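Only one structure is covered here, and it is reproduced in the block below.
The values are calculated or read from the model by the stated rules, or taken from the named source; none is laboratory data. On a predicted model such as this, the values are computed, not experimentally measured, just so you know. Because the Cβ atoms are built from the backbone with ideal geometry, glycine has one as well, and the counts that use them run over all protein chains shown. To get the accessible areas, we keep the full protein, side chains included, count just its heavy atoms, and leave off ligands, DNA and RNA. Shrake-Rupley method; radii C 1.70, N 1.55, O 1.52, S 1.80 Å.
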Amino acid sequence: MDQAQAVGLYPFFKPIELIEGAEAIVDGKRVLMLGSNNYLGLTRHPKVTEAAIDALERFGPSMTGSRLLNGTTPLHEELEERIATFLGTESAIVFSTGYLANLGVISSLVDRGCWAVIDKGVHASIYDGVAMALGNARRFRHDDVQHLDDILRRLPNDEARLVITDGVHSMSGSIAPLPEITEVCRRHNTRILVDDAHAIGTIGPTGRGTASHFGAEKPDITVGTFSKSLASVGGFAGGPRDIMEYVKLFGRPMIFSAAWPPAAAAAALAALELIDEEPWRVPRIQEIGAKMRDGLREAGFDLGDSKTPIIPIRVGDEVKAALFWKDLLDNGIYTNASIIPAVARGQALLRTSYTATHTDRQLEVALEKFEQIGRRHGIT
């Protein structure tokens, strides 16, 4: 870390002085922001900020207690009802972060005598939720439905199983084959949990996530976050009412964490309304994703299997990735360099992501810079 900082190649904990959605100010210089998860461009929407300010004035900055005891407000309950309606589930609950949502749901449900069967490529919060659980765990090869089928066939029939996958994979931008996973799970009497943190707002005709994208059966449990398309912070889970009530009482991150600030709940409520009030945002971010994938591939970059506004530029070597990241930043393009431990050694990449408020001209400038600088570093 000290060596990387000394030569200006440390890509983490970079202070952002101001962010305005499509652009930001870093090191006193205006840059094009291609490293945010603000997919729908709602974080600076007047309706969102006004809702947060009103809630801050009404409730203050903190509830100073857990949801279980003194941290539940009418805003928390209203948001849980709205999330359930948005997802089309019977019930929903909210957590202080998306990370805690996975910890709370998985650790409370995968008890002794139960199995968690997870895609190898899932988010770290899922791995940590499984590690915290008292049950057993197996992993299946990334998006490999046949391997999942083989594992489920070998597990004891009298022990409960929960298959867990991301809907949209956060580093690759690829989409899990949910219909095929669902078919295998139903055949083996197994429940499914899908983490749709990066799918809400980005896929599906109205931004409802992975099941909506495929027109498929909904998973038994959907977990997500407000910190991406929904312009706030916090996490949620939606599913059958009895399961959600169980998690509320036995999910340790729910009962032993301070309650989510009401101002954040108000911001998320406003963002949920705006997804339907301003329906242009979802098709716009999908259009932007397609434009950038086509342009970057045409320039010669390796993007893997990205099908979303999350577009990785695969580099491989960690030092080369850091040099590429620094050169782009010096030329006004902010991206996220992903090296170990975020990805495996030797698989370094630049993770780019986009917002619905990027203009076509901004995207054209970005493609020009990527091609020019990528050629300079021998990446294309």
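Across segment 186-208, not a single residue is classified as open to solvent by 10 Å² or more (accessible area, probe 1.4 Å), touching a residue at least 60 places away in the same chain (Cβ under 8 Å), among the basic types (Lys, Arg) and farther than 14 Å from Ala271 by Cα.
In segment 189-217, which residues are of a type in the set (Lys, Arg) and either in contact with a Ser or Thr (Cβ under 7 Å, 6 or more places away or on another chain) or not in a loop (DSSP other than H, G, I, E, B) (or both)?
Step one: filter segment 189-217 for residues of a type in the set (Lys, Arg), giving 191, 208.
The answer is Arg191, and nothing else.
Suppose the filter is modelled with pLDDT under 95, buried (at least 16 other Cβ atoms within 10 Å of the Cβ), more than 30 Å from Lys291 (Cβ to Cβ) and of a type outside the set (S, T, N, Q); does Gly8 pass it? Criteria not met by Gly8.
Considered as a group, the residues in segment 82-109 that are in a loop (DSSP other than H, G, I, E, B) and out of contact with any Phe, Trp or Tyr (no Cβ under 6 Å at 6 or more places or on another chain) include one that is nearest to Ala268 (Cα to Cα), and that residue is Thr97.
Counting only residues that are in a helix (DSSP H, G or I) and either at pLDDT below 95 or of a type in the set (Phe, Trp, Tyr) (or both), segment 20-63 holds 1 of them. Considering Ile255, Ile285, Ile221, which residue is touching a strand residue (DSSP E or B) at 6+ places or on another chain (Cβ under 8 Å), under 22 Å from Asp166 (Cα atoms) and of a type in the set (Val, Ile, Thr)? Of the residues listed, the single one that is touching a strand residue (DSSP E or B) at 6+ places or on another chain (Cβ under 8 Å), under 22 Å from Asp166 (Cα atoms) and of a type in the set (Val, Ile, Thr) is Ile221. Taking the conditions (1) on the phi > 0 side of the Ramachandran plot; (2) among the small types (Gly, Ala, Ser); (3) open to solvent by less than 20 Å² (accessible area, probe 1.4 Å) in turn, Gly251 satisfies each one other than (1).
The rows are residues; the columns are (1) modelled with pLDDT under 95; (2) part of a helix (DSSP H, G or I); (3) of a type in the set (Gly, Ala, Ser); (4) loosely packed, with under 14 Cβ neighbours inside 10 Å.
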residue: Pro283; (1), (2), (3), (4): no, yes, no, yes
residue: Gln286; (1), (2), (3), (4): no, yes, no, no
residue: Lys291; (1), (2), (3), (4): no, yes, no, no
residue: Arg297; (1), (2), (3), (4): no, yes, no, yes
residue: Gly300; (1), (2), (3), (4): no, no, yes, yes
residue: Lys307; (1), (2), (3), (4): no, no, no, no
residue: Ile313; (1), (2), (3), (4): no, no, no, no
residue: Val319; (1), (2), (3), (4): yes, yes, no, yes
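Residues that are in contact with a Cys (Cβ under 6 Å, 6 or more places away or on another chain) and either in a loop (DSSP other than H, G, I, E, B) or modelled with pLDDT of 95 or more (or both) occur at least once in segment 161-180.
One line per residue, one yes/no per condition, for (1) of a type in the set (Lys, Arg); (2) in contact with a helix residue (DSSP H, G or I) (Cβ under 6 Å, 6 or more places away or on another chain); (3) assigned to a helix (DSSP H, G or I); (4) over 21 Å from His169 (Cα atoms):
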position	(1), (2), (3), (4)
Leu269	no, yes, yes, yes
Gly304	no, no, no, no
Ala322	no, no, yes, yes
Ala337	no, yes, no, no
Leu349	no, no, no, no
Val365	no, no, yes, yes
